[in-house]
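Everything on this sheet refers to the single structure shown next.
Just so you know, all these numbers are worked out from the coordinates, no wet-lab data involved. Values in this document were obtained by computation on a predicted structure and should not be read as measured data. Because the Cβ atoms are built from the backbone with ideal geometry, glycine has one as well, and the counts that use them run over all protein chains shown.
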Amino acid sequence: MFREETELGKSLEHQKQLGELGGLSLKKRRLRGTCRLFVWHLRNTGVRQIPCRFVHLYHVANNRLITFQYFNFLKRMYVTRCNKDLGQRAKPKSNSIVPPFHELQQLDQEKKVVHKISPVSPVHQSWSETSSRNELREMKSAAETEDSVIPVGAESKEDRRWKEMKLRLDDLPGILARLSKIKLTALVISTTSAGFAMAPVPFELTCFLLASLGTGLASCAANSINQFFEVPFDSNMNRTKNRPLVRGQISPLLAVCFAACCGIPGIALLALGVNPLTGALGAFNIFLYTCCYTPLKRMSIANTWVGAVVGAIPPVMGWTAATGSLDAGALLLGGILYSWQFPHFNALSWGLREDYSRGGYCMMSVTHPGLCRRVALRHCLALIGLSTVAPVLNITTWTFPIISLPINLYISYLGFRFYRDADRSSSRKLFFCSLWHLPMLLLVMFTCKKSVLEKEDKGDLPGGSNEMAMEIRLP
């Protein structure tokens, strides 16, 4: 009896579950039939409302989910389709690293280009006219603001980019002055004038002007050729990156022509208008500066000594222009200029070590900093000894070494500070001291110079100058 009751209970529960499942399936069937009836009713009635549009968009989207962003996209496509004149202004993005010689072509390509948006098949043309007009107004206003903003940014970007400089006749004198290093040329002419003035002969104005002009032209030629050779290296240095050839303000051919137009007449003036010895010294100095010193700057630290010889030749040329001979006095003046250049240039290069290293130049301050400081101190002390030799060679009186001793001791003290501290402050002080030390030393030397009459009494005048001195003494 007990087993029959349990089996009867299980059968009743099973029938109950089957009834529930049948009820659910019946509900689903009824729901599906209702949906189909609703869709059939919408299609047959011809009312194109939002449900039909949902169904159509669902088929167009290829089983993709319909989102708010997708509706906005379709709306923009509809506006574009209805307004064929609508376009979008685009500007191509430039590469981050562009070769300098292709930047002009890239700037031309970066001009404004109007691209029309490719049309897309409209979903339906029943969008409200008010919404399309508002969207069109917004896009037109955005295009107008873009037109007003883009040119300003483009101009500022073009201003920052490299572009070729156009040569104007008004700027040509200044460009040629920077090409010839006019300040350095003025220093060369002044040292040549000092050598001419220190010569133990009477002063001749014509010879002095010819010697100064010829030396200045030779210096302009040498400096121009130097800049012509060093364009790729000067472009890497902050101190020299604004030179005319580096910036493209003048062509290399014009620079070479300018150097030839200065060098040939300059050497001709020195050789024919002054004397052949001075002309030979001028030609040798151009060769030494352009063909020896310039390439050595990237090969060996010996370039500093060669450059000191180049700077020591102008006062020797002034002496030979006045006397026509190479005497001990000319060598003494050359020695003073030779020693002065080491504290001057070593102190300058110490503050420009990063620049010289970036430019690929082999300088003592970069490769041998200890030697750079020692050489500067040695030649500061050598100036004291050279000043003492001047009265021994009967060029000045004994007052010259005494008067020049304070300024020589001061530059020696700054040279010692530079040797001991090895910092930018001490190098700057030594450099600025060298700027006024040389003209003051030469001025004191000229004031202590022995007169022509004193040398005539002692018979120390060079040959051929005694008659001229006698004529000066005659009433």
query = Considering only segment 312-333, how many residues are assigned to a helix (DSSP H, G or I) and touching a residue at least 40 places away in the same chain (Cβ under 8 Å)?
reply = 15
note = Taking segment 185-216 and keeping residues assigned to a helix (DSSP H, G or I) and among the β-branched types (V, I, T) leaves T185, V188, I189, T191, T192, T206, T215
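Here is a yes/no grid of residues against (1) buried (at least 22 other Cβ atoms within 10 Å of the Cβ); (2) in a helix (DSSP H, G or I):
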| site | (1), (2) |
| --- | --- |
| A218 | yes, yes |
| Q227 | yes, yes |
| N242 | no, no |
| F258 | no, yes |
| L277 | no, yes |
| T304 | yes, yes |
ask   = Which residues, taken from segment 269-282, are free of Cβ contacts under 8 Å to residues at least 40 places away in the same chain and of a type in the set (A, V, I, L, M)?
value = A271, L272, A280, L281
